[in-house]
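Input: a single structure, listed below in structure tokens.
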Amino acid sequence: MTESTPTASNDAEESRRKTWSSYKRANLEGPFDAIVIGSGLGGLAAAAHLAHHGHKVLVLEQHYVAGGFTHVFHRPGFEWDVGVHYVGGMQPGSFLQKQFAAISDGTLSWADMGEVYDEVHVGEESFRFPKGRRALRAALVDRFPREEAAIDGYFAAIASVQKASRFYFAEKAVPNLVAGIAGGLLRRGMLQWSDRTTKDVLDELGASPLLQAVLTTQYGDYGMPPRQASFAIHAMVVNHYFHGGYYPVGGSGRIAESIAPVITRNGGQILVSAEVASIVVEGGAAVGVRMKDGKVLRAKTIISDAGAELTFRKLLPPEVATKHGYGELLTHVKPSASHVSLYVGLSKSAEELALPKNNFWIYPHEDHDRAVAEAELNPEAPLPVVYVSFPSAKDPTFAERHPGRATIELVTMAPWTWFSQWDGTRWKKRGDDYEALKETITKRLLATLEKHVPAAMGHIAHAELSTPLSTKHFAAWEHGEIYGLDHGPERFRQRWLKPKTKVPGLYLAGQDVVTCGVAGALLGGVLCASALLKKNLLG
């Protein structure tokens with residue numbers, strides 16, 4: 001997310017005009033079988049699967065570009081992704097590869113990031129994550145030769161979670177009768193792992209503090225350090241990257257651009273700048289949406305890709321939410337972490353600067369939880385994590401679109417409390433103190449960049465920082481959270497986080513149904529379509 005108005009290239013604008021249009025200028029071509037609130041990957045995936053089965057779907061997006069956290073933004077000569085920094089599990093024949101092929105009709109291509117996808121720095125220690133289970137195990141044993149038993153136990157635990165997760169997530173889409181009879185059995189294996197934190201499991205395995213720190217360096221991908229995160233989310237994320245990292249050819253904006261024609265070809269429409277004010281409920285069932293301008297759009301099915309919190313607290317009429325107990329249920333979940341992102345544009349190409357394809361994860365010391373706690377209390381404490389991504393090096397077509405240029409993105413966790421005093425203020429109207437805080441964070445991130453990527457210094461043509469206020473503005477999440485709901489143990493106990501809600505005609509899609517990230521959002525959309533169609537779309 002950025003706090004500035006995107007300036008898209010002519011080619012990108014032309015592509016968008018072919019796939020989505022502005023709500024204010026659109027000619028609505030209803031009636032529609034389903035309305036999807038939000039055009040994130042979960043909503044688009046659900047809509048595409050429904051379109052493949054003959055449904056005419058209307059997708060409504062409040063932002064002026066579709067795609068949710070898969071979209072890109074532009075500055076003259078540059079473009080950056082805002083959420084799709086890398087994706088795992090895209091090897092040929094994999095579940096994700098097949099799903100993306102299905103919802104894009106095979107028009108979306110992915111570039112392999114190479115033999116190493118993550119390089120981590122913990123204090124003065126470093127480690128490179130190679131793709132492949134065997135290669136990763138060998139690298140870990142070579143680095144920690146006395147901890148082979150703990151490492152093998154770790155891989156066994158991840159395999160156990162992965163096997164159990166299939167039944168756990170399948171239970172979310174089966175009919176209520178089946179879930180009532182077999183749900184406990186389907187969930188049991190997963191809950192044995194999800195009830196424990198990552199720190200609990202690694203302690204039980206006897207892993208040393210440094211090994212634990214290295215193994216958990218990807219916690220930034222789900223936003224919770226080891227003592228807080230459920231081991232289930234940690235294991236699923238780690239497993240997700242065992243076959244390496246991938247990046248969409250043409251940039252992450254290609255994701256929505258590839259899926260959209262599948263939806264529109266069947267008569268569906270995708271409208272941007274289309275803010276939904278509420279869900280219309282009549283006779284106890286969801287029958288439409290009321291737009292911000294007061295217009296009511298109707299369909300027999302309403303799918304919310306806006307997240308559980310926004311759906312049940314703001315979009316659903318209060319009396320309906322109360323009747324079904326959603327207010328109480330929401331007290332059992334919390335918002336995920338918020339973040340700041342520094343978008344850097346360089347006046348030389350990725351090739352000229354020898355920028356890597358793999359990501360950097362940089363931590364001040366071994367205790368990730370302590371680093372997060374210290375930063376929450378004191379903005380001047382060491383940054384708890386800095387993630388560095390090189391999108392122009394990952395995308396083989398970037399140089400064609402932006403010759404002689406390169407981009408880097410730096411992300412760190414930033415508590416909402418750092419910025420909450422400016423909540424409700426307008427961009428560029430937040431005062432000197434806000435701008436000073438942004439400048440301080442920018443300088444600290446650039447200092448990290450200088451240490452780890454010195455070749456970039458002296459070639460920075462643009463640097464722009466976004467904050468959690470940006471995320472709230474564009475995604476409407478109350479505390480600027482990037483991953484929807486958090487992924488602590490209690491989250492996995494919430495059986496109500498599933499596609500079919502207690503309100504007839506209302507469904508959920510996206511990451512709150514499953515887990516965060518590209519894979520979680522996509523699976524949330526697939527499960528939503530499966531539940532609605534009463535058909536197994538998991539393959």
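Each reported figure results from applying straightforward, stated rules to the coordinates on display, with no laboratory input. Because the structure is predicted, anything quoted here is derived from the model rather than measured. So basically every Cβ, Gly included, is an ideal-geometry build from the backbone, and we count neighbours across all protein chains shown.
The 3J(HN,Hα) values that the Karplus relation (6.51, -1.76, 1.60; θ = phi - 60°) gives for segment 496-501 are, in residue order, 6, 7, 8, x, 7, 7 Hz. Gly and Pro appear as x. One chain, two ends: Ala354 and Glu400. Fully extended at 0.36 nm per residue, the span grows by 14.8 nm beyond their Cα-Cα distance. Potential lengthening of the chain between Thr19 and Leu538 amounts to 184.2 nm, from the contour at 0.36 nm per residue minus the alpha-carbon distance.
Between segment 200-221 and segment 130-178, the alpha-carbon centres lie 14 Å apart.
Potential lengthening of the chain between Asp142 and Leu28 amounts to 34.9 nm, from the contour at 0.36 nm per residue minus the alpha-carbon distance.
Short-range pairs are left out: with C-alpha atoms under 8 Å and at least six residues apart, the relative contact order of the chain is 24 percent.
Note on Ala381 and Lys300: their simple-model spin labels are 5.4 nm apart, each label 7 Å out from Cα toward Cβ.
If both residues of a DSSP beta bridge must be in the chain, then about 70% of such bridges are antiparallel. Which of rounded, prolate or oblate describes segment 294-403 when judged by the alpha-carbon gyration tensor and an a/c cut-off of 1.5? Verdict is oblate for segment 294-403. Classify segment 132-244 as rounded, prolate or oblate from the Cα gyration tensor: take a ≥ b ≥ c as the square roots of its eigenvalues, call it rounded if a/c is under 1.5, otherwise prolate when a/b beats b/c and oblate if not. It comes out prolate by the Cα gyration axes.
Take the Cβ-Cβ distance between Thr331 and Gln192 as r, set R0 to 22 Å, and report the resulting FRET efficiency rounded to the nearest 0.05. If you can, show how the numbers build up before the last one.
Details: r = 25 Å, r/R0 = 1.13.
Approximately 0.35, to the nearest 0.05.
If you average 1/r over every pair of different alpha-carbon atoms in the chain and take one over that average, what Kirkwood value in Å do you get? One over the average 1/r among Cα pairs gives 23.6 Å for the chain. Here the Karplus relation 6.51 cos²θ - 1.76 cosθ + 1.60, evaluated at θ = phi - 60°, turns the backbone of segment 519-524 into coupling constants of 5, x, 5, 4, 4, x Hz, with x for every Gly and Pro.
Here each label is just a point 7 Å from Cα along the line to Cβ, and for Ser94 and Arg493 those points are 3.2 nm apart. Treating r as the C-beta distance of Glu435 and His459 and R0 as 25 Å, the FRET efficiency rounds to 0.50.
Taking amide hydrogens as placed 1.01 Å from N in the peptide plane, the amide H of Gln269 sits under 5 Å from those of Val57, Leu58, Val59, each at least 5 positions away in sequence or on another chain.
For a quick protection proxy, order the peptides 101-112, 469-480 by their average other-Cβ count within 10 Å, most packed first.
Going by the mean number of other Cβ atoms within 10 Å, highest first, we get 469-480, 101-112.
From most to least packed by mean Cβ count within 10 Å, the peptides 374-385, 393-404 give 393-404, 374-385. Rounded to the nearest Hz, the phi-derived 3J(HN,Hα) couplings of segment 271-280 under the Karplus curve 6.51 cos²θ - 1.76 cosθ + 1.60 (θ = phi - 60°) are 10, 9, 6, 10, 8, 8, 8, 6, 8, 8, where x marks glycine and proline. Dividing the summed -39500 (n - 2.57) terms of all DSSP H runs of n ≥ 4 by the residue count of the chain sets its mean residue ellipticity at 222 nm at -11000 deg cm²/dmol.
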